[in-house]
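Notes follow once the structure below has been shown.
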Amino acid sequence: MRTLGKATLNRPEEVKVTSRGVVYVHSATSALCPHVEWALAGVLGVPVSLQWTPQPAAPGTWRAELSWQGPAGRSAALASALRGWLHLRYEVTEEPSGGAEGARYSYTPELGLFHAITGVHGDLQVPEDRLRAAVLTARATGTPLEDEVDRLLGQPWDDELETFRWAGEGAPVRWLHQVV
């Protein structure tokens, strides 16, 4: 509490918003599996041991899922920790919570990282400036506007990852809770 003249200014303690989400490792080589666990553990601050199952869409690779809980915005750190690895495909989701927007990250070696803000119903929220940029890009390059909008919505990533999602249906999910 600080006093400014006759006024008193109260500063509440920092409010920590808790969120939760899922890391979907769609495909990783066996050599990458322990590195994925170490990277996730480094971000979450707790040991991570995933239950790896074969990925039928890419023989010789493995898939796993991890449900997590932690401070809002943690999905960005999780996605960044795995970014840029060859032979790794993944998605990280974060549910919107307590005034914090949700997020979805998708990664493939061919396309790189995609990020979108998600609303309370799971739909993607495209900021106005990104829409305007898509319109300008379509005009400047002659690309159909529909293609630019598809890119804003992550359609190329969805197209590439869809086979891996279906192949992994029914895979076990392990919840991981972090004490905040």
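The values are calculated or read from the model by the stated rules, or taken from the named source; none is laboratory data. Keep in mind that this is a model prediction, so the values were computed, not measured. Please note: Cβ atoms are built from the backbone with ideal geometry, for glycine as well, and neighbour counts cover all protein chains shown.
Values as computed for the structure displayed
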read-out	value
Candidates Trp68, Trp52 - the one that is over 17 Å from the mean Cα position of the chain (by Cα) and either of a type in the set (D, E, K, R) or at pLDDT 95 or above (or both)	Trp52
Residue among Thr118, Thr29, Thr108 that alone is free of Cβ contacts under 8 Å to residues at least 60 places away in the same chain, of a type in the set (S, T, N, Q), surrounded by 15 or more Cβ atoms within 10 Å (Cβ to Cβ) and under 16 Å from Glu160 (Cβ atoms)	Thr108
Candidates Gly119, Gly99, Gly73, Gly84 - the one that is farther than 15 Å from Gln155 by Cα, within 11 Å of the chain's Cα centre (by Cα) and at pLDDT below 95	Gly73
Residues that are part of a strand (DSSP E or B) and under 18 Å from Leu111 (Cβ atoms), drawn from region 29-86	Thr61
